[in-house]
Structure formats: structure tokens, C-alpha cells
Amino acid sequence: MNLTDEQREKVAAWIASGAKISEVQNRLASEFSIKVTYMEARFLVDDLKLTPKDPEPPKVIAPPAAAPALTTKPVPANELNEIPAPASGGKVSVGVDQITKPGAIVSGKVTFSDGQTADWYLDQSGRLGVVPTQQGYKPSPADVQEFQLALQQEVAKLGF
């Protein structure tokens, strides 16, 4: 491919500013009306002894709170998600799993005032899911409201 010195300098400037091969290909077509394949653009950059810059790695955001330390004593599986029984007076209790369910950012169990239990989770989009232990169970509106308030408090403790 024959480019003028001015065109070569432009390509070098594009690469120096962080352009990718596909961007060089598109700019050659739009600015100089030179249509080339991706491979031809790659060979051009190589012939000019230019090296495209590596993209910046994505920034990693630290988790809001440290995970609890693992203990050396074994914990029975039935105690991992243990939730205290509802207090007298018909309270709703919410517990957070020590090991979060797959696909969730936080999960746990809830015991409603009538003694019925359910698993709950918050997914990456912030959507709440509740899966009752007894199929078809629906808690009372008062229990739902109390559950939401208790859940907000538990999630706030975790820093979400």
C-alpha cells in the first residue's frame, strides 16, 4: 500500500494516541478514502514499525466490607443458615448467609411472624427474590413490610 509521508505520519499519530487497528482501518477509509481490510491495516502498522498501545486494564473496585474470617473449627451444615426463631409478638426475623448463593450479591433466610420461612437473595441488578419453603405461601402485607425494613438494616450492616 502506498501512502504519502503525511498519511504515514497521521497513522503514526493515531497509534500513538491509542487507536486500535480497527480504528486505523476506519480512519483510513473516512479521512483518506483508502479502503483496506483489517489484515491490511495490521500489516501497514507493522510495516511502519508501530506498536498499538495495550488498553488500560479495568479498574477493580474493592468490596465494601471484608468477608468474615474463616474459622478452623467445623460448622455443621444445618447451622450455616440458622436464623433465630421469631420472637414472641409475631416479629419477622432476617438472617444473612455466610456463603452467598450463586448469582447473588447477598442472600439469606427470613422467618415470618406465622413461622413460615423463605430464602431471599439480591442479584447483581439489585432485584430482590424471595423463595418460600412452602410452595404457594404468601406472607401478609405487614410481614412483607417488616421484612423489607429488616432486610434494609441487615444489608446496611454489610455496607451495601
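Quick look at the numbers
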{"quantity": "Positions within segment 16-48 being closer than 16 Å to Glu6 by Cβ and either touching a helix residue (DSSP H, G or I) at 6+ places or on another chain (Cβ under 9 Å) or not in a helix (DSSP H, G or I) (or both), in sequence order", "calculated": "Val24, Arg27, Leu28, Glu31, Phe32, Ser33, Ile34, Leu44, Leu48"}
{"quantity": "Of residues in segment 101-160 being surrounded by 11 or more Cβ atoms within 10 Å (Cβ to Cβ) and in contact (Cβ under 8 Å) with a residue 60 or more places away in the chain, the one farthest from Lys91 (Cα to Cα)", "calculated": "Phe160"}
{"quantity": "Any hit, segment 56-70, residues being at pLDDT 85 or above, on the phi < 0 side of the Ramachandran plot and not hydrophobic (A, V, I, L, M, F, W, C)", "calculated": "no"}
{"quantity": "Close pairs (7 angstrom Cβ cut-off, 6 or more residues apart or separate chains): free of Cβ contacts under 8 Å to residues at least 60 places away in the same chain in segment 5-27, basic (Lys, Arg) and surrounded by 14 or more Cβ atoms within 10 Å (Cβ to Cβ) anywhere", "calculated": "Trp14/Arg27; Ile21/Arg42"}
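The values are calculated or read from the model by the stated rules, or taken from the named source; none is laboratory data. Since this is a predicted model, take the numbers as computed values, not measurements. Every residue, glycine among them, receives a Cβ derived from its backbone with ideal geometry; neighbour counts consider all protein chains shown.
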